[in-house]
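Any read-out appearing in this document is the output of simple, stated calculations on the displayed coordinates, not a laboratory observation. All figures in this text were calculated on a predicted structure; none of them were measured in a lab. Cβ placement follows ideal geometry from the backbone for every residue including glycine, while neighbour counts extend to all protein chains displayed.
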Amino acid sequence: MSELVIRKLLIDLAEPMPRHWNGGDAFSSALLNALSMSFPVGEQFFIDSVRAGHKALPEAEQARFSREVQGFIGQEATHRRLHGLFNDQLTRLGYVNHWEVRARARLKRMERLNCRHAVAATAATEHLTAILAEWLLSRPQMLAGAPARLRTLWHWHASEESEHRCTAFDLYKALGGDETRRLRWMRLVTLFFLMDLLRQTSHNLWRDGELMRWRTWKSGWRFLFGAGGLISSNLKPWRTYFKGDFHPAQQDDQLSRDWLSAHASDFTVVSRP
Ligand SMILES: [Fe+2]
Ligand SMILES: [Fe+2]
């Protein structure tokens with residue numbers, strides 16, 4: 001079982017931030033803003049799914065998962081709260097969150113499904129966040145131009161995503177979830193994630209007046225498809241989810257552990273298992 005620590009991050013998110021906060025780069029700022037816009041609704045869904053999945057387990061299994069589920073919920077609730085503050089700054093800058101509206105409508109339609117579906121969708125999304133986290137932590141240059149407090153926010157979130165990457169997957173297995181459903185949800189989640197990411201990033205750029213500029217998409221191409229880019233680097237780790245013997249623990253978490261021990265002064269520990 002994963003040992004999950006709940007941390008309180010010591011950064012100021014009330015201070016306004018520049019529009020293109022990631023080193024003046026419009027594309028990567030817009031894409032990371034889009035991701036952040038999806039977090040509050042997404043993380044509430046993960047919390048609700050894992051809580052419902054945990055409740056549906058037989059009693060002995062419930063006890064085995066209790067502490068880990070508590071840690072998972074605590075971590076995601078903290079992410080949701082801090083990205084809510086980050087998103088308040090985006091609203092002040094004039095950005096509009098359409099991703100959240102679309103996600104809420106989709107999640108409403110999922111309510112009638114058995115909780116195993118929600119846990120499968122959560123496990124799939126948690127794999128996406130874990131590989132994106134590893135990508136971000138292994139490429140500090142991606143956030144090199146960001147204000148230190150925002151860099152800390154993204155690296156802390158990435159480190160904890162890596163830390164709790166097994167919880168939803170293990171819960172899905174403990175619920176007796178089958179392989180067909182697990183893989184079907186990964187295909188669906190990936191499709192919606194990429195579509196929403198593209199739409200919200202484009203919308204953010206449109207608000208900036210940067211959408212139709214050559215330099216925006218030149219930088220965007222490099223960020224997504226260049227050497228070490230977000231899409232080019234993550235295709236292979238994404239595919240590992242489709243292997244029959246896949247387990248999230250197969251992904252190395254050394255970078256997450258290194259970041260958390262090197263930045264212990266950036267947070268206080270709220271609870272430890
Ligand atoms: Fe999170
Ligand atoms: Fe997560």
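A few remarks follow.
- Between helix 148-163 and the chain: long-axis angle, C-alpha atoms, 0 to 90°, nearest 10: 20
- Comparing mean-square fluctuations of SER261, SER36, SER28 from a GNM of the chain with C-alpha springs under 10 Å, the top value falls on SER261.
- Here the calculated FRET efficiency for HIS247 and ALA105, from their Cβ-Cβ distance with R0 = 41 Å, stands at 0.80, rounded to the nearest 0.05.
- Computed from label points 7 Å out along Cα-Cβ, the spacing between ARG222 and THR180 is 4.7 nm.
- Entry note, the chain: relative contact order of 34 percent, from Cα contacts under 8 Å with a spacing of 6+ residues.
- Using a Förster distance of 22 Å, the FRET efficiency for ARG272-ARG51 (Cβ separation, nearest 0.05): 0.60
- Only aspartates and glutamates eight or more places from LYS243 in sequence, or on another chain, were considered; those with a Cα closer than 19 Å are GLU126, ASP170, ASP178, GLU179, ASP252.
- Note on the chain: dipole from Cβ charges, positive end direction compared against ALA103, SER261, GLN141; the farthest Cα belongs to ALA103.
- Considering only LEU235, PHE65, ALA14, the residue lying farthest towards the positive end of the dipole of the chain is LEU235, judged by Cα position with unit charges set on Cβ.
- In this simple spin-label approximation, ALA63 and ARG149 carry label points 7 Å from Cα along the Cα→Cβ vector, and these lie 4.6 nm apart.
- Alpha carbon centroid spacing (whole Å) that separates the range 36-69 from the range 218-273: 21
- GNM top mover of PHE242, PHE86, PHE45 - the chain, alpha-carbon springs below 10 Å: PHE242
- In the chain, the longest principal axis of the Cα atoms and the axis of helix 98-110 are about 20 degrees apart.
- Computed Kirkwood radius, in angstrom, where 1/r is averaged over Cα pairs of the chain: 19.1
- For MET195 and ASP12, a Förster radius of 25 Å and the Cβ-Cβ distance give a FRET efficiency of 0.15, rounded to the nearest 0.05.
- In sequence order, calculated HN-Hα J values of the range 236-253 (Karplus, 6.51, -1.76, 1.60; Hz; x Gly/Pro): 5, x, 5, 5, 4, 4, 8, 6, x, 9, 5, 8, x, 5, 5, 7, 5, 10
- Helical mean residue ellipticity (222 nm; -39500 (n - 2.57) per DSSP H run of 4+; nearest 500) of the chain: -23000 deg cm²/dmol
- Computed about the Cα centre, the dipole magnitude for the chain is approximately 840 debye when only Lys and Arg (+1) and Asp and Glu (-1) carry charge, each at its Cβ.
- For the chain, the longest principal axis of the C-alpha atoms and the axis of helix 214-225 are separated by about 30°.
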